[in-house]
Structure formats: C-alpha cells, structure tokens
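For reference, the structure discussed in these notes is given below.
The values are calculated or read from the model by the stated rules, or taken from the named source; none is laboratory data. Nothing here was measured: the structure is a model prediction, and the numbers come from that model. Positions of Cβ are generated from backbone atoms using ideal geometry, with glycine treated the same way; all protein chains shown enter the neighbour counts. In case anyone asks, the SASA skips ligands and DNA or RNA and just uses the protein heavy atoms, side chains included. Shrake-Rupley method; radii C 1.70, N 1.55, O 1.52, S 1.80 Å.
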Amino acid sequence: MRLFSDAAKVAGMILNTLISGEGPPLVLLHGLFGAAKNLGALSRGLSPQARVIAMDLRNHGDSPHGAAMDFATMAGDVADTCAALGVARARVAGHSLGGKTAMMLALLRPELVERLAVLDIAPMRYDHDYDDYVKAMQAIELHPGLSRGEADAALAHVVKAAPMRAFLLNNLSLGAVPHWRAGLDEIGAAMPDLLSWNEPQGALPYQGPALFLRGGESDYVPDAAGPGIKRLFPRAVVETVAGAGHWLHAEKPAQVLASLQGFFFP
C-alpha cells in the first residue's frame, strides 16, 4: 500500500507501508538494507491479533529518499506515517536499524508507543564494515540486461557470504533500466549517524513495557549493554534466543514470533 504521492516525496516523509490483519495497531521496522517485505513472516504471525503496519524506512524499499538519517529524523517519519494512518498509539517492534529507530521513537514520543520490542540491537555505538558494502553495490555497472548472477559475482569480491549478497541484492531492480531501490548515496553518507547512538537531550526514560530480544550467537547486544538499556528503558526485559545470530527473526522465526506474541498480547 503506497501512502505518498510524488509531491509528498518532496514535501514530507510519509513512509511506504504493508498492512495486514485487524485489531490494535502494531508497527514493524526492518534493519539496514532491508524492507517491510522482509518481515513477512512476523507480519503473518502477528496479523491474526493485530493490524500489522510494516514500514519501509527512508531510503529503503519503496519509501522516499532523503539525506538526513539520524534516528530522531527517522523516528519522526514513523510518527508522521502513523498520524497519516490515524494511529495515535501502537505496539512497536524493530530489528537492528529499525530497533534503534523504535527506541528513539519511544524516547521522543512515548505517548505513541504502547509497548516496545527491540530485536538484536542496543542503545550504543557500533563499528561495522557496511561502508564497504555500499561501495561494492555502487560499483556494479547497471546496464540493460544485467543479471542477478552477474551482480552477485561483482559483489562477491567484497561480500563473502552468499546469504548476505542475496539479502543486499533484494534492493536491486533488474530489467530494461536496472536501479537500486535503496538510496545508496544517502545511506553511505549517513553511515556515521547509523552506527552511532545519540540520546535525545531532555528526553525522559521510556516507562512502558520493553522487550529486548538478542541472538545467542550475536554480539550486537553484549552483557555490557545491560546498564544502558535499563537506564533508558527501566521496565526492559532482555531475552536471548539460543542458536540465533543477528537475523534472529529469520533464523529462529518460531521462537521470535512466540516471544513477540507473548509480549504484545499478554
């Protein structure tokens, strides 16, 4: 479901959404280089109990592009999109980049967030090699007739893991005029903001229920992150999904879905 016109791409940032189910609103936010459609399994699993609103974050999927990608700006996009949909209060879940956006939304607009679930990310700074991924994607020659196999081979020099290459290539639209749906220029320029975490000045801790799910094989939410989580989200519960890495919702979908169902619908 597209919620923006060409004029809206310039004037505002109403995000593209995929909506399913009926009931209390539940917002899903994806990670870096992802899109709303990547959370389809969670959407399907939660839609019998909720009106699930999966959003494409700015510079991702079919949402508009924009230079600013600090988390306060992206949280504002989510709030504006909720307002456009008539949603005054929602349960909110986000993975990775979407998790940081969800945390910022809860801190800046606590009245909008009824319950908060954060998947394998913490309120802290990270140091990863995503700059190399962006450059490798930008280096692919986008010519008519470009095949996915050709693009995969071009990425393989930098992105060694085949599953990661497949994930990144979900952003590539082939055909007569191949193009990247993701705003690679904007993402690349904003990488310092995306890896950082700057607490909003004057914001109070979020007092609502919060669930932090971390992958047992992931290093994104170390034990050292616990005090920071508790300071900003004093009612937070941290749970570990055994045997899962950073993409825990894809690797252990049943366990993650069960945790979210139990948390959102106690």
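Things worth noting here:
- The helices (runs of 4 or more DSSP H) found entirely in region 155-213 that carry 2 or more residues being free of Cβ contacts under 8 Å to residues at least 24 places away in the same chain are 162-169.
- Only listed residue being modelled with pLDDT under 95 and open to solvent by less than 50 Å² (accessible area, probe 1.4 Å), chosen from Pro200, Pro192: Pro200
- Test for Val87: is it within 16 Å of the chain's Cα centre (by Cα) and not aromatic (Phe, Trp, Tyr): no
- Flag if Val78 is assigned to a strand (DSSP E or B), surrounded by 15 or more Cβ atoms within 10 Å (Cβ to Cβ) and β-branched (Val, Ile, Thr): no
- Of all residues making up region 93-123, the number that are closer than 15 Å to Pro205 by Cα and in a loop (DSSP other than H, G, I, E, B): 3
- Residue satisfying condition, being under 26 Å from Ser259 (Cα atoms) and either of a type in the set (Lys, Arg) or surrounded by 24 or more Cβ atoms within 10 Å (Cβ to Cβ) (or both), within set Arg58, Arg89: Arg89
- Residue identified as at negative phi, touching a residue at least 40 places away in the same chain (Cβ under 8 Å) and surrounded by fewer than 22 Cβ atoms within 10 Å (Cβ to Cβ) among Gly66, Gly98: Gly66
- Every pair of residues 6+ apart whose Cβ atoms lie under 8 Å, when the first sits in region 218-237 and is under 14 Å from Gln207 (Cβ atoms) while the second is open to solvent by less than 50 Å² (accessible area, probe 1.4 Å) and in a helix (DSSP H, G or I): Leu232/Met103; Leu232/Leu107; Phe233/Met103; Phe233/Ala106; Ala236/Ile229
- Checking the stated criteria, Leu28 turns out not to satisfy the condition of being part of a strand (DSSP E or B), under 29 Å from Gly188 (Cα atoms), open to solvent by 10 Å² or more (accessible area, probe 1.4 Å) and at pLDDT 95 or above.
- Within region 188-226, the set of residues being of a type in the set (D, E, K, R) and within 25 Å of Leu260 (Cβ to Cβ) comprises Arg214, Glu217, Asp219, Asp223.
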